[in-house]
Each structure stands twice: as structure tokens, then as C-alpha cells.
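J.: Handing you this structure, nothing more for now.
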Amino acid sequence: MKSVDSCGWLDRFSVKTVALARLSAILLLAAGCGSSAPRTEFSLGGFVLQLTPESAALVVAGADGRVLLDAPAGGLRFRKAEASYEFSFGAFRITETTASDWQPVARFGPAALEDGQLDFDLLDALDRSMGTARVTSPAEGQLRLRFASADPGHNRASLSAACAADEHFQGFGGQSFDVDHRGQRVPLWVEEDGITKQPTDDYDPNAWFLIGRRHSTHTPMPLFVSSRGYGLLLDTPLRSIFSMGSEDPERIRIEAWEGRLDLRLFDGPDPASVLARLSAQLGRPPLPPAFAFAPWLDAMYGSANLRRVAAALRASGVASSVIWTEDWRGGERSGDDYVLDEDWECDRALYPDLEAVASDLHALGFKFLTYNNTFLDSETGTYAEAASLGHCIRDESGEPYLFTSAKFTPTSLVDLSSPEAVTWMKAKYRQGLELGADGYMADFAEWLPTDARLASGEDAVSRHNLYPVDFQRANRELLDEMYETDGVERLFFVRSAYLGSQPLVSVVWAGDQQTDFSPGDGLPSVIPIGIGLGMSGFPFYGHDIGGYMSALTEPTSRECWYRWVTLGALSPVMRTHHGRSAFANWSWESDPASTAHLSRWAGFHLRLFPYLYGLAEQARESGLPMMRPLSLVHPDFEPGWSATDVFMLGDRLYVAPVIEPGATSRRVLLPPGRYYPLLGGEPIEGGGIEVLEAPLENIPVLVAAGSVLVLLPEGTDSLVAAQDGALQTLADVGDDRTIWLWPGGESEQREQGGSLVYRWQADPAIWIDPHDATWNDTPVQVGEHGELALEGNGVFEATGMRLEVEGGRPTRRLELSFRWLDPSPPF
């Protein structure tokens, strides 16, 4: 979308500016960053590489001459080190116990470019071979650089590169404190987030297994996108450490815990183009079923209560399309907590008629999701079966490896390196789906101990980060196999991931946040996590509304729940959670006002479906996430590269959640341009700090001038077909739409693969003459508050504005609302 008050990333460059940039790059390459040593230049896939053989320096420039990577002399190094891995409750304390000195590559051998492949040797100061380098360009805008040590004892490789003083770095997966990682040391290893988190990477000496650290995460990703218009991916299954100016403010350093570096460099020049190339390499996830983008509501405690909750939601007018149930395998109350059973069979005491429950929910327009993980609790029949079949991970004696689980019971894991174990697990999961479930939470997968023995014979250290990938591949295979058999749309959602997860998962959620406003692990943390995941190839994201864990804090309060509901409504996926302290946490049933609050915002989220699903289609096509940092929409707005408390939902909704207790307003720093409050009000000029009012029931959302926002009609109950004729579902609505419009620019919205298109343009600050409007050249009259009902498709025109509607039935109903003419909230 482009507004008349702003311009795009590329538009800001004049011809003169581009010419100067190219000249500067050429001079830098020629000068060797101040070195007089001779340099060798190669062109490869549109990139220009300058090697300085005598000092082992390397510079890579993009197609437009911008320097993307400047690795100085001595920047490439190898060494040998040993590390210990302590494991407890899914957390790992990793300590390097011994380490040799780094051995720098001193010189490059003669380089040869043949058939698109550049090869040269890595030499020490005495010209002895240390290893090899190979550079290729496997795709447009991508450069692959591989450096490998010849010493089998080397198990660390490191590359340093220059960074600009004002450079910012986004990515690294689900990071809960930061969006911009400039100045941070970012260690990457799949593990539990922790219960509460501290803004340091130092291990708590007494509770390292409990308290999370700044960068402990379920979803580490060894990649970043730079504000200088390039991206970098380190392809490694092992631990890695990215020092983003933390050791030297003028340098970044990438360290792989193996004797090689496999790097992929992606040129932009804008961040959206970087993401397109990066996500194409990672693999993009399949488009989730439509119901993923309608509200999901949790329900537990047995058949009768699931039916009661479903009926109460429909009676209260809470728009929703999913009920998900964690305790289908059983659970029990412990004080205010509710603890799940770990047997993998349906608990027939709680759910004697689970099949009928699923059928009843389907009739009411709900999909039905359940719960699975890979834990094998030794006190269950499932463990006995797995152990007898040899499907558990094993200890050094060959017995099933047992650790203490979150339930404090001896527990093992499914050995996902064994094809037979995977087949067995999928068959067990299939049984639950055949009872009527439409998918499940695929929980955990971070706990693989590094000293386990695997059926494949592989080192568990090298498979640890890939265990969630193996888990997700099995889930994806199962759902795809069942779809081929019965055609039922299903999904699974996960909290853990690593490289390779991107093309497999349906939805990622943030994990087990604290039920409070604490930074790093409470409500505020789900914003940077979502942004980081989006910049790392996971566009379909949600979080536990209300949080999950109340240990070391208070149960979810009314205020926290209200704020979380509004944030959930403006997230790609809106899903409630009862939380661990299910009997103490605030919920939609705590009082009538809370029911009304959920109904209001769940209804809006469901109505956003045309916009959300259009964004999902865009993510599948281009890699653009649905939840975006400001920098992705406004790359020239430097504060947008670091903001952790605001985000863009798509390209036109600026979302500013309230993340502090007691606040009734909040300050925001807006990019240049004009914005309109979503809930009504006077326009706001960007480029400075604004204070937005935020009563408890509302969330500040601004809409970029010139926007079109296409919604489902008011009163839509579900995206899932229902047998109850009183419900209005997506099938009933068809292609009828409500269209909200704001002046001051132009924009376009597409849905259903581009078969429905809406193009809008309007001058700023205009007022419609009720007698000067036409629909397909026929005069129409706009209402006093900017409302207009139309039929079919075609062109609406009035002085200073034009709306084109393409596709759909000739009898489709369109409800237009010119939002700047109506001061009242639209919902």
C-alpha cells in the first residue's frame, strides 16, 4: 500500500544517490578498506567478491554495489573446544570446559572460478593448508559461502565482519526481550524458555533449570536481517553464537560449534526482498485451513463441560470456530492447578463419548483440536508399549533413558531417529484423530538429552536441535496422509522449532508465558517473539491469551486478561488458554462484562478474516509475515527497527498494545504519514510522539491513510460449516463483504487467491457530496454517517475518490463505510 504522505523504500533513492552509493562501494573495494595489498575480483550470480589473498580478507558487494559483507584479515578462524551439557526440566547449562586458541586463516590460496563455483584454499602463516573455501550462487540474490577446516579436531569455526554504526539486526527466531539484537551476544540452542526470564545470558547459580535467560528459547534460528538490506543464514544443526557488536561495536562475529561454516547471504536491497529470498531458501509453510484465523476457545473437564462451553459461546454470541481440549487423555485438579495425564489414550472416564462430543461440536460450527507430545511417562501404559517395542531413547547401558518430567515422574521420549518409532507414534496419534479430532497441539520437543543413545547411531548433540523438526515432519506426514484419505482439513500447532521447521508447521505459538505483565516472559514478551518468528520464516503465529504459567507470579488478573484479549484479536491467530492455574485465572466466564469483552473482540477478529487470509496467502507467496516489525513497512523509520511494543498487522494496521499494568494511555512514536484511529477519531500526523488513549476495553490501533479494509459482515459466527441453521457461517456469507475506507492515499486488498480484489484511492480530508456518487455510473446516495449498501462488483466514484471491486457473484452484497465520516466506534 502507498500513501500520498509517504513513499516506498526504493523511491527514496534518487539517481544521484544510487550512483554515489555504487561509486563508494567501488572505491571501498578498490582501496581494500585501507589496505594496499593486491586483491582479486570475481563476479558470481550478480555479486562481486574481492579477495585479498595475502591477508585472507573478503568483501562481498551486491548487484547495486552496496557492500554486504566485509570480513577483515584474521576474521576467519578455527579451534578445538570441549563443552559440558547439564540437563534438567528441558533446560540446558552449557559450559565450555577447555578451548584451544583460535587459529586464524592467514592467507587465501589461488582462487579458481569454474562452472559458477569459486574454490580456494585456506592457509596459515606458513602457507600450510588449513582447509578449503567454496562460494556459489544457488539462486538469484543468494550467495553461499562454505569454509571448512581440514583438521578433524576442530569443532569451532568463526567469521567476523564489519558492521555499520547505525546498523540493526532482526531475526534469530522467537526472542522475548529484543527485536533489534545490535549489541547482543545471541547463543542459539533449542530449550525451554524458563519460568520467568532474566535479561542476561548468565545462568542462575541456584535455579538455572528453572529461570530463563535473555536468549533461551524454544525456537532459535541462526539467521538475521540487517537494516543495510541483506540477510544472513548459518546452516548448522549444532549450537551457534552470534555476537552482534557485543565484543566489538564495529564487528559482528558468527560462531558455529562445528569445524565448518555454511553461510548464505541474501541481497535485498529492501527488507521485504531479503525475506522473500530467505524464506524461499528456508521453505515456506503450507497455508493453514481457514479456521486457523477464527478465534479458538479452550474447554476441558469432560464431555458435559465441553458441550456446556460450546452452547454458552453460541448463546453469548462469541464468534469462534475452534474448541481445543488439552485433557482428552485425562487430567486432575491439584489446588488451583490442573495437571494433565501423560497416557496417550482417550480418558473414557472424562470423555466416555468423545466421538459424539466431536460430532456435536462440528454441528455447532466448531473444529475440535486436542493435545499430543512425545513424552513417555513410565507410569503409563503407553510407555510400557513403547519400551517393549524399543521406541524409547536409551541411556548408555541400553535401557530406556529416564529423566524427571514436569510432573516429577520418570519419563522418556520417543526416539524419532527410528522410522519404526515414528510409524508407531503416528499410528497412536491417528487413533485420536479418528475419534473426531481436527488436529492438536504438538507440544514440547525441546527435551532431547545430549547424552542419549539413538537408534540411528547419531550423536544426540547433533540431533538435539533437529528433534522438533523430526517431530513436526511426522505430524505433517500424518495430517497429509489423513487428508488424502478423508479430505478433512486439519492442523497442528507447535511451540518449538529449528531450521527445517518452516515448511512443516501450521501455526507456532509463543510458549508458556507468565500470567502477568513482566517483560521477557509475560504479556509484553509475545510481541518481540512474534516479530522475531515472522522475520525467521514463521508467519502464522499466536499466543496463550491470559498466559499459562503462574509459578513465581499471580494468576491471570482481570486487567491482564482484558489486555491480552485485545492483543490476541489483533494477532494472526487468536487463541485462549485456561493456564496451569486454571481454577484461579480470570476468563471469559468470570463475569458478564468479560463475556461481552471477549464477544466484542472475537467478533472483530473473525470479521478480519478476508484481510488475515489475504495476508496468509501473501506470506505463502512472498515470505512476508502477517505480524510485522515497523521496519518491514517503513524501512527508513529507524526507531521501527528496534521497537518491541508495537507492530504492524499487515501493511496498514499499526497496533500498539497496552503492556503495563494500570495504564489507560500509551505513548507511541509514529512513522511519517497520516493515521486514523481504528475505533474512530481525528486523524493523527506521524513523525513524532503521540499519546493514545487506551481504556481497559480497547487497544490502540491506527490505520494508515488511504487504506481499504475488507471484513466479513457483522454477525458472522464461524468460518466452519454448521448444522444449526441459526448460525451465520462463512458458507452462508459467501462473498458478501463490509468495506471500511479512509482517505489520503491508495491501497489494494486481495483475497481468495486474487479472485476478489479491492482497489481504493482517495484524496486527503475530503467530504462526500451525497449527490455526487455513482456505482457503475448509476447515482447512489451515501448515508449521513458514510454508509452505503451496494450489490455486485464494479466501480464506485465520487469527487476525489474511486473504489474498484473485482470478482464475486453479481448479487454479492457490499456494505461500504467511509470511516472518517462516522465518529462512532465501528464495533
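J.: Considering (1) among the small types (Gly, Ala, Ser); (2) under 33 Å from the mean Cα position of the chain (by Cα); (3) outside any helix (DSSP H, G or I), say which one Ala421 fails and leave the rest.
T.: (3)
J.: Right, next: Is at least one residue of the range 712-733 hydroxyl-bearing (Ser, Thr, Tyr), touching a Lys or Arg at 6+ places or on another chain (Cβ under 7 Å) and over 23 Å from Ala319 (Cα atoms)? Outline the logic, then answer.
T.: Applying the first criterion (hydroxyl-bearing (Ser, Thr, Tyr)) to the range 712-733 yields 716, 718, 729.
Now restrict to residues that are touching a Lys or Arg at 6+ places or on another chain (Cβ under 7 Å): 716.
From what's left, over 23 Å from Ala319 (Cα atoms): none.
Within the range 712-733, not a single residue is hydroxyl-bearing (Ser, Thr, Tyr), touching a Lys or Arg at 6+ places or on another chain (Cβ under 7 Å) and over 23 Å from Ala319 (Cα atoms).
J.: Given the residues Arg107, Arg146, which is the only one that is over 36 Å from the mean Cα position of the chain (by Cα) and among the basic types (Lys, Arg)?
T.: Details: Arg146 fails: over 36 Å from the mean Cα position of the chain (by Cα).
The match here is Arg107.
J.: Residues that are within 30 Å of Ala294 (Cα to Cα) and open to solvent by less than 50 Å² (accessible area, probe 1.4 Å): which strands (runs of 3 or more DSSP E) entirely in the range 332-409 hold 2 or more of them?
T.: Values: elements: 337-340, 367-372, 375-377.
Those strands (runs of 3 or more DSSP E) span 337-340, 367-372.
J.: Contact list please: Cβ distance under 7 Å, first residue in the range 461-483 and farther than 26 Å from Thr95 by Cα and of a type in the set (D, E, K, R), second residue open to solvent by 10 Å² or more (accessible area, probe 1.4 Å) and assigned to a helix (DSSP H, G or I), pairs at least six apart or on different chains.
T.: Going by the 7 Å Cβ cut-off, the qualifying pairs are Glu477/Lys426.
J.: Out of the range 542-559, which residues are open to solvent by less than 30 Å² (accessible area, probe 1.4 Å) and touching a Phe, Trp or Tyr at 6+ places or on another chain (Cβ under 6 Å)?
T.: Gly542, His543, Ile545, Gly546, Thr556
J.: Another question about this same structure. Which of the strands (runs of 3 or more DSSP E) found entirely inside the range 768-823 contain at least 3 residues meeting this: not β-branched (Val, Ile, Thr)? Reasoning before the result, please.
T.: Numbers: elements: 773-775, 787-791, 794-798, 801-806, 813-818.
Output list reads 787-791, 794-798, 801-806, 813-818.
J.: State the number of residues belonging to the range 103-138 that are open to solvent by less than 50 Å² (accessible area, probe 1.4 Å) and not polar (S, T, N, Q). Outline the logic, then answer.
T.: Taking the range 103-138 as the starting set, the residues that turn out to be open to solvent by less than 50 Å² (accessible area, probe 1.4 Å) are 105-106, 108-109, 111, 116, 118-120, 122-124, 130-131, 133, 135-137.
Okay, now just the ones that are also not polar (S, T, N, Q), so 105-106, 108-109, 111, 116, 118-120, 122-124, 130-131, 133, 135.
Selection size over the range 103-138: 16.
J.: I would also like to ask the following. For the list (1) surrounded by fewer than 16 Cβ atoms within 10 Å (Cβ to Cβ); (2) in contact with an Asp or Glu (Cβ under 9 Å, 6 or more places away or on another chain); (3) touching a residue at least 24 places away in the same chain (Cβ under 8 Å), I need the number of the one condition that Thr811 fails.
T.: So the condition that Thr811 fails would be (3).
J.: Of the residues that sit in the range 304-331 and are in contact (Cβ under 8 Å) with a residue 24 or more places away in the chain and assigned to a loop (DSSP other than H, G, I, E, B), which one is farthest from Gly500 (Cα to Cα)?
T.: Looking only at the range 304-331, we keep the residues that are in contact (Cβ under 8 Å) with a residue 24 or more places away in the chain, and these are 306-307, 310-312, 314, 316-329, 331.
Next cut, assigned to a loop (DSSP other than H, G, I, E, B) only: 317-321, 325.
Working: Gly317: 40, Val318: 37, Ala319: 35, Ser320: 32, Ser321: 30, Thr325: 28 Å.
The selected residue is Gly317.
J.: Let me ask something else about it. When you scan the range 72-167 for strands (runs of 3 or more DSSP E) that lie fully inside it, which ones turn up with 3 or more residues that are closer than 30 Å to Tyr203 by Cβ?
T.: Values: elements: 76-79, 81-88, 91-99, 112-114, 117-123, 129-139, 142-149, 156-162.
So the answer is 76-79, 81-88, 91-99, 156-162.
J.: Another question about this same structure. Being of a type in the set (Lys, Arg), out of contact with any Asp or Glu (no Cβ under 7 Å at 6 or more places or on another chain) and modelled with pLDDT of 95 or more narrows it down to one of Arg284, Arg253, Arg264, so name that one.
T.: On inspection, the qualifying residue turns out to be Arg284.
J.: State which residue is farthest from His215 (Cα to Cα) when the search covers only the range 164-189 and only residues that are open to solvent by less than 10 Å² (accessible area, probe 1.4 Å) and of a type in the set (S, T, N, Q). Even if it seems obvious, please write down each step before you answer.
T.: If we filter the range 164-189 for residues that are open to solvent by less than 10 Å² (accessible area, probe 1.4 Å), which is where we start, we get 167, 169-176, 179, 181, 186, 188-189.
Now narrow it down to the ones that are of a type in the set (S, T, N, Q): 170, 175-176.
On the way: Gln170: 14, Gln175: 6, Ser176: 8 Å.
Here the residue is Gln170.
J.: When the residues of the range 310-331 are filtered to those that are of a type in the set (A, V, I, L, M) and surrounded by fewer than 21 Cβ atoms within 10 Å (Cβ to Cβ), which remaining residue is farthest from Phe492 (Cα to Cα)?
T.: Here is the first cut: in the range 310-331, the residues of a type in the set (A, V, I, L, M) are 310-313, 315, 318-319, 322-323.
Among the residues that remain, those that are also surrounded by fewer than 21 Cβ atoms within 10 Å (Cβ to Cβ) are: 311-312, 315.
Details: Ala311: 25, Ala312: 26, Ala315: 28 Å.
My answer is Ala315.
J.: Residue by residue through the range 425-454, note down the ones that are under 28 Å from Met221 (Cβ atoms) and hydrophobic (A, V, I, L, M, F, W, C).
T.: Scanning the range 425-454 gives Met425, Met441, Ala442, Phe444, Ala445, Trp447, Leu448, Ala452, Leu454.
J.: Is it the case that some residue within the range 734-755 is hydroxyl-bearing (Ser, Thr, Tyr) and not in a strand (DSSP E or B)? Spell out how you get there, then give the answer.
T.: So in the range 734-755, the residues hydroxyl-bearing (Ser, Thr, Tyr) come out as 738, 747, 755.
Next cut, not in a strand (DSSP E or B) only: 755.
Among the residues of the range 734-755, at least one is hydroxyl-bearing (Ser, Thr, Tyr) and not in a strand (DSSP E or B), which makes the answer yes.
J.: What pairs come out if I take residues in the range 211-233 that are farther than 18 Å from Ser160 by Cα and pair them with residues that are β-branched (Val, Ile, Thr) and in a loop (DSSP other than H, G, I, E, B) whose C-beta lies under 9 Å away, six or more apart or interchain?
T.: These pairs meet every condition: Ile211/Ile195; Ile211/Thr196; Gly212/Ile195; Gly212/Thr196; Arg213/Thr200; Arg214/Thr200.
J.: Right, here's the next one. Can we say Asp724 is outside any strand (DSSP E or B), acidic (Asp, Glu) and surrounded by fewer than 16 Cβ atoms within 10 Å (Cβ to Cβ)?
T.: Values: outside any strand (DSSP E or B): yes; acidic (Asp, Glu): yes; surrounded by fewer than 16 Cβ atoms within 10 Å (Cβ to Cβ): yes.
Here the answer is yes, as Asp724 does meet what is asked.
J.: Run down Glu714, Glu748, Glu697, Glu693 and say which single residue is in contact with a Ser or Thr (Cβ under 6 Å, 6 or more places away or on another chain) and of a type outside the set (A, V, I, L, M, F, W, C). Full working, then the answer.
T.: Numbers: Glu714 fails: in contact with a Ser or Thr (Cβ under 6 Å, 6 or more places away or on another chain); Glu748 fails: in contact with a Ser or Thr (Cβ under 6 Å, 6 or more places away or on another chain); Glu697 fails: in contact with a Ser or Thr (Cβ under 6 Å, 6 or more places away or on another chain).
Only one candidate passes the filter, namely Glu693.
J.: Can you list the strands (runs of 3 or more DSSP E) found entirely within the range 199-303 that contain at least 1 residues being of a type in the set (Asp, Glu) and open to solvent by less than 30 Å² (accessible area, probe 1.4 Å)? So that I can check it myself, show each step before the final result.
T.: On the way: elements: 220-226, 230-234, 240-244, 251-256, 260-267, 296-298.
Hits in the range 199-303: 251-256, 260-267, 296-298.
The values are calculated or read from the model by the stated rules, or taken from the named source; none is laboratory data. It should be emphasised that the depicted structure is a prediction, and the values quoted were computed from it without experimental measurement. All Cβ positions, glycine included, derive from the backbone under ideal geometry; neighbour counts span all protein chains shown. Side chains are part of the model used for accessible areas, which takes the heavy atoms of the whole protein and leaves out ligands, DNA and RNA. Shrake-Rupley method; radii C 1.70, N 1.55, O 1.52, S 1.80 Å.
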